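As structure tokens, the structure follows; a few thoughts come after it.
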Amino acid sequence: MEALILDAALKTATVERIPIPSPSSNEIIIRVDAVALNPVDALYVFNPLGKTGRVIGSDFAGTVESLGPHVPFLNPHMRAGQRVAGFLQGASSVNDKPGAFAEYLRIPHDLVWQVRDNMSLGDAAAISLCALTAAQCLYYRLGLPAPFSHEWSRKANTSCQHHLTVFIYSASTSVGLYAAQLVRLSSKVSNTPIRMFGAASPSNHPMLSSPPYEFAALVNYRDPDWPAQIHSLTSGQGVDFALDCISEGSSVAQVASVLAPHGEMAVVRSREGKAWEVEEGTLPSEPLYGAVWEGLGEETEYQNMTLPASSRARQFAVSFYRFLSSSDEMPIQPNPIRLMPGGLNRIVLDGFALLGPGTMEQRDGNRTEEWMKPVSGEKLVYLLKADEKSN
């Protein structure tokens with residue numbers, strides 16, 4: 001099979017032929033039809049953590065090809081031919097686990113969710129990693145009431161008698177778009193009024209003001225006084241919960257400044273990673289952090305930190321994906337996607353040129369093709385099969 005393989009010495013990835021994997025007793029083999037790009041995929045190719053020879057990439061959607069021998073007993077509903085989606089770790093750790101940018105992959109049977117017939121695999125590929133990131137931040141760490149049962153909620157999933165306020169920084173990012181939908185679901189299942197505020201580019205405000213996001217008010221993240229605007233919108237009270245979907249540079253300090261005295265915030269990047277820094281003693285409390293990779297239930301090791309394997313985080317991920325699979329209708333809408341031309345061989349040349357290297361503000365602006373326009377409010381998706389249709 002073909003796969004996109006890391007070359008750590010040259011800080012790139014190239015398409016190579018490698019053997020098709022075989023499943024362990026509790027794994028399934030998936031024929032990959034679509035992959036979606038995340039900034040972290042590009043980051044750890046241009047700044048390698050893994051060794052040469054590693055399959056890169058995270059998000060995927062495809063069709064179950066075969067099942068490990070124990071899977072029919074562990075999951076009687078799983079079958080060959082089923083359309084599923086999920087994510088792998090790619091090269092985002094120093095371990096040697098293979099990623100998703102390949103024609104076939106193997107994954108535990110319970111870390112995928114079933115894609116409905118009315119959803120394209122391209123759309124499905126854009127959901128798993130970022131939606132789980134948002135769910136972890138809101139439900140698992142901040143403790144907002146969840147629309148599904150999970151054992152470790154920090155706050156009871158019962159109705160509140162007062163309204164809550166939630167602020168999402170970089171609301172038009174993939175994580176931000178899913179977070180907004182999950183906040184709405186939290187409000188619905190708990191009968192709790194929630195006012196949601198966001199910071200994003202003005203060009204995305206019309207989309208963010210409309211269903212399924214429905215922010216109460218939005219500010220321009222480039223305005224230096226946007227924190228003062230949020231305080232004004234909340235009558236000086238600040239917000240109960242905040243999620244920083246970028247967590248780099250000064251964003252964490254700015255987001256923390258709009259919290260109410262009792263407020264809590266979650267970040268998507270750790271202080272140890274040096275993506276953001278604040279002066280000691282300036283934050284009201286330490287932001288809550290945990291990498292999405294914890295949901296895979298395996299140790300994640302970076303250059304200067306290690307996240308231990310977490311059975312709790314893995315069970316939360318299983319519960320969330322079960323929720324996506326078992327609802328009568330898909331409970332969240334996929335983010336807008338941009339179908340990119342080509343397959344695995346164009347990901348580094350085109351997709352990674354748009355996504356990195358560097359911060360979210362540093363992108364290659366010299367390309368003139370229509371599909372190379374700056375990315376805002378959409379996900380880059382590649383179809384691995386030339387004959388794969390949009391539905």
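The values are calculated or read from the model by the stated rules, or taken from the named source; none is laboratory data. On a predicted model such as this, the values are computed, not experimentally measured, just so you know. Here Cβ is always computed from backbone atoms with ideal geometry, including for glycine, and neighbour counts include all displayed protein chains.
For the stretch 1-118, please list each of the strands (runs of 3 or more DSSP E) lying entirely inside it that holds at least 3 residues being among the hydrophobic types (A, V, I, L, M, F, W, C). If you could, list the steps in order and put the result at the bottom.
Details: elements: 2-7, 12-17, 27-36, 59-67, 83-87, 104-108.
Of the strands (runs of 3 or more DSSP E) lying wholly inside the stretch 1-118, those with at least 3 residues that are among the hydrophobic types (A, V, I, L, M, F, W, C) span 2-7, 27-36, 59-67, 83-87.
Restricting to the stretch 256-277, name every residue that is within 17 Å of residue 225 (Cα to Cα) and in contact with a helix residue (DSSP H, G or I) (Cβ under 8 Å, 6 or more places away or on another chain). Write out each step before concluding.
Taking the stretch 256-277 as the starting set, the residues that turn out to be within 17 Å of residue 225 (Cα to Cα) are 256-259.
Across the stretch 256-277, the qualifying residues are 257, 258.
Determine which single condition residue 280 fails, assuming it passes every other condition in (1) at pLDDT below 85; (2) touching a helix residue (DSSP H, G or I) at 6+ places or on another chain (Cβ under 8 Å).
So residue 280 meets the others, but not (2).
Does residue 50 satisfy the condition of being surrounded by 23 or more Cβ atoms within 10 Å (Cβ to Cβ) and farther than 26 Å from residue 120 by Cβ? Step through it out loud before you land on a result.
Details: surrounded by 23 or more Cβ atoms within 10 Å (Cβ to Cβ): yes; farther than 26 Å from residue 120 by Cβ: yes.
So residue 50 fits the description; yes.
Give the stretch 307-331 a look and list any residue that's closer than 17 Å to residue 289 by Cβ and assigned to a helix (DSSP H, G or I), or say none.
312, 313, 316, 317, listed by residue number.
Any residue that is among the charged types (D, E, K, R), in contact with a helix residue (DSSP H, G or I) (Cβ under 7 Å, 6 or more places away or on another chain) and in the same structural domain as residue 119 (by TED's automatic domain parsing) - is there at least one of those in the stretch 308-323? If you could, list the steps in order and put the result at the bottom.
Of all residues in the stretch 308-323, those among the charged types (D, E, K, R) come to 312, 314, 322.
Narrowing further to those that are in contact with a helix residue (DSSP H, G or I) (Cβ under 7 Å, 6 or more places away or on another chain): 314.
Filter once more, keeping what is in the same structural domain as residue 119 (by TED's automatic domain parsing): none.
Scanning the stretch 308-323, I find no residue that is among the charged types (D, E, K, R), in contact with a helix residue (DSSP H, G or I) (Cβ under 7 Å, 6 or more places away or on another chain) and in the same structural domain as residue 119 (by TED's automatic domain parsing), so the answer is no.
In the stretch 259-302, which residues are among the basic types (Lys, Arg) and over 16 Å from the mean Cα position of the chain (by Cα)? Break it down stepwise before answering.
If we filter the stretch 259-302 for residues that are among the basic types (Lys, Arg), which is where we start, we get 269, 271, 274.
Within the stretch 259-302, 271, 274 qualify.
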